[in-house]
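First comes the structure, then the notes that go with it.
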Amino acid sequence: MAIFNKTVLRLKIKWLHSGFRQQLLLFRYFILARFFGKKAQAEVYLSLNDPQSFMLVQMLSRLVKQYRINFKVLFIWGALPGITISPKLYRQWAIKDANLTAEQYQLTNITAEPSLMSLTTGQQTWQLVENNIENAEEIFIKTWGNQYNEHFQTSTPTINHQVKNQARLQEKGHYAPANIFFAGDWFVGVDRLYHFEKMLLKLALVEKVSDILSSNHLFEKNSSKAKFTEQNEQCDPIKSSVAEPLVIYLSLRSPYSYLGFIRAVDLAKANQLELVIKPVLPLLMRGESIPLVKQKYIYLDAVREAKKLAIEFNGFVDPLGEGVVNAYRFFAWAQQQGKATEYILACFRAIYVNGIDLTNPVNVDNIVKGLGLDVGEANAYQQQHDWQQWADINQVDLTKLNLWGVPCFSYSESSYWGQDRIPSLEKEIKLFQSNS
């Protein structure tokens, strides 16, 4: 059964990477409609109570005139049930993260939560105005600014409208607000507008990628050159005399952790920082559940992000369970020998580049040997240093940052969730070093 499941997973991964799949989606959601004379249309799913939706609608309002497509805005309640792991912590993070986006793109930031009366009035008002990006932005600004002088009561038609849109989102294959669906692809949040515009450019629906998005892409690429991709390359950052290290929390099963790790290694080296690696267990090994629709989107999104950042990403051999255990049991030894970065890099490349199954302990032994380390000594060290103890400590440290998922980064007094925030992290590092 295990062999069968691995075979099925390999076939699924191969299908997700295939150009034929992409062509089928393009035909179904774009070419077919154009054949019947319909103008290209993107669906935008927004939740009035969602900080990321607030940022996305502002950016679209600034960019929409450049696009030769129609937009259909659909208000929904929020993410589908069971998607958010820690709702209270997620809400705190979402507002903080949205304000980082607002600062980056000069958008209206969030200073207070919208009241229930403002949310109800905004949702009711949406039913009375023309469906376009400009009107949606105005409603978001008034709602989050609590600017309504008169208020509506909750009505059944408004609730039914959002329930219908929520079902449409789910039927089309997604789960989150702040989301654009176009030509069979999903683009979540302001961070994915670059990919959205690249798709429009490919289909001759925009003249060029917007300067503000292009400049951010170039900054990301320059700050993450993905130099450290060979297992035998010496990639441990030079330990700095500056007391503050760069800390990364990661999971081997997380595609975003792989991308974030590659970028963090380069960032630490460029700024002469010590990189402290703190692996944690995957969410699925911590008793949490992640719906398949979310796992699928994360994987596909990580693949296109890797392509954008020029990071090698060829597939995925799931290390869940024994693969994670096999890899983690030798991490402390590699760390003690000054090979932590090389070891984690080799494990990541096994999973996402070379198609090596870490659930086979022989493959992990070969990684250790490839780093010039002795497997016997590694096993002896593991007997005295249980990997579960340091993994639990790392998880507690992550929780103290009011974060729960990976990758996460901390430097000085600041912490960030997600590889998308590497530019903000780099800005914080440079500011700290200049002040020091």
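The values are calculated or read from the model by the stated rules, or taken from the named source; none is laboratory data. Since the model is a prediction, treat every value here as computed from it, not as a measurement. Here Cβ is always computed from backbone atoms with ideal geometry, including for glycine, and neighbour counts include all displayed protein chains. Each accessible area value is taken on the protein alone, full model and side chains, heavy atoms only, with ligands, DNA and RNA left out. Shrake-Rupley method; radii C 1.70, N 1.55, O 1.52, S 1.80 Å.
Table for the structure above
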quantity	calculated
Gyration tensor verdict on the chain (Cα atoms; rounded if a/c is under 1.5, prolate if a/b is larger than b/c, oblate otherwise)	prolate
Relative contact order [Cα under 8 Å, 6+ residues apart], segment 15-217, whole percent	31 percent
Qualifying aspartates and glutamates (Cα of each under 18 Å from Cα of Lys14; at least 8 residues distant if same chain)	Asp185, Asp301, Glu305, Glu312, Asp318, Asp357
Anisotropy class of segment 275-315 from Cα gyration tensor, a/c 1.5 cut	oblate
Cross-link table Lys6/Lys307; Lys6/Lys278; Lys198/Lys427; Lys38/Lys296; Lys96/Lys400; Lys172/Lys294, entries beyond 20 Å C-alpha to C-alpha	Lys6/Lys307; Lys6/Lys278; Lys198/Lys427; Lys38/Lys296
Sparse-neighbourhood loop sites, trypsin sites (Lys or Arg not before Pro) in segment 137-215 - DSSP loop, at most 13 other Cβ within 10 angstrom	Lys208
Segment 243-435 - accessible surface per residue (Å², probe 1.4 Å)	38 Å²
Accessible carbon and sulfur surface of the chain relative to its total accessible area, %, 1.4 Å	53 percent
Largest to smallest accessible area among Arg10, Arg304, Arg286, Arg68 [probe 1.4 Å]	Arg10, Arg68, Arg286, Arg304
Charged-residue dipole, Cβ positions (Lys, Arg, Asp, Glu), segment 1-127 about Cα centre, Debye nearest 20	820 debye
For segment 15-217, with +1 on Lys and Arg beta carbons and -1 on Asp and Glu, the positive-most of Phe75, Trp15, Asn132 along the dipole	Trp15
Euclidean distance between Cα centres, segment 1-64 to segment 96-120, Å	26 Å
Percent RCO, i.e. relative contact order, over segment 243-435, from Cα pairs under 8 Å lying at least 6 residues apart	29 percent
Rounded to the nearest 20 debye, dipole of the chain from Cβ charges on Lys, Arg, Asp, Glu	1480 debye
Per residue accessible area of segment 15-217, 1.4 Å probe, in Å²	49 Å²
Val188 - accessible surface, heavy atoms, 1.4 Å probe, Å² rounded to 10	40 Å²
